[in-house]
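Structure, as structure tokens:
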Amino acid sequence: MRTIWLGGAEWLAVLRIGLGLWWLESWRHKDKKGWFERGTGIAWAADVAGKHKWPAVRSGFEKVVAPRPKAMAYLVVYAELALGLGLIVGFLTPVALVGGLLLNLLYLVLMIHDWAEQGQNAMMVLISLVALFAMSWQVWSLDHAIGLFG
């Protein structure tokens, strides 16, 4: 592959690191006190799920998230932090890419009516797929340095 400035593997690493920075920004801008102490994030999601046009989303939310709002708040917030850090430093990169892909797909389904949110999630899904199938951990990653994932 011919490119300007960097090689193909390096550009894939740039893409992976950029995705990690996107997840880190998602974590950074969250009002953690609101999410953890007042339950604002899960309450907002409950409102969205309650009005969702797909009954499976409503019932899934009621069965999985609603009974444990505090644990789910911590799971969402710290998953975004872990995904960001993992992708930036390239540690357990395929695991982080699959985890981020699944989280983005959940966000995509939950926010099916919000086109602005859909654009962000669709782009993050696309980047995750490219970074995963192109093995973006081949350079500039702890995975590569310690010999994980070939």
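Miscellaneous remarks
- Count - residues of the range 96-118 that are more than 21 Å from Lys53 (Cα to Cα) and open to solvent by 50 Å² or more (accessible area, probe 1.4 Å): 1
- In the range 7-26, residue farthest from Leu97 (Cα to Cα) [restricted to those that are of a type in the set (Gly, Ala, Ser) and surrounded by fewer than 19 Cβ atoms within 10 Å (Cβ to Cβ)]: Gly7
- Residues located in the range 82-95, provided they are open to solvent by 40 Å² or more (accessible area, probe 1.4 Å) and either closer than 24 Å to Val48 by Cβ or part of a helix (DSSP H, G or I) (or both): Ala82, Leu85, Ile88, Val89, Val95
- Residue pairs whose Cβ atoms lie under 8 Å apart, sitting 6 or more positions apart in sequence or on different chains, and linking a residue in the range 24-52 that is touching a residue at least 40 places away in the same chain (Cβ under 8 Å) to a partner that is basic (Lys, Arg), are Phe36/Lys70; Ala49/Arg58; His52/Arg58.
- Failed item in (1) buried (at least 19 other Cβ atoms within 10 Å of the Cβ); (2) modelled with pLDDT of 95 or more; (3) assigned to a helix (DSSP H, G or I), with Asn121 passing the rest: (2)
- Against the criterion of being hydrophobic (A, V, I, L, M, F, W, C), over 30 Å from Phe36 (Cβ atoms) and free of Cβ contacts under 8 Å to residues at least 12 places away in the same chain, Phe133 qualifies.
- The set of residues in the range 49-67 that are part of a loop (DSSP other than H, G, I, E, B) and in contact with a helix residue (DSSP H, G or I) (Cβ under 9 Å, 6 or more places away or on another chain) comprises Lys51, His52, Trp54, Ala66.
The values are calculated or read from the model by the stated rules, or taken from the named source; none is laboratory data. Keep in mind that what you see is a predicted model, and the values were worked out from it rather than measured. With ideal geometry, Cβ positions are generated from the backbone for all residues, glycine too; neighbour counts draw on all protein chains shown. Quick note on the areas: whole protein, heavy atoms, side chains included, nothing else; ligands and nucleic acids left out. Shrake-Rupley method; radii C 1.70, N 1.55, O 1.52, S 1.80 Å.
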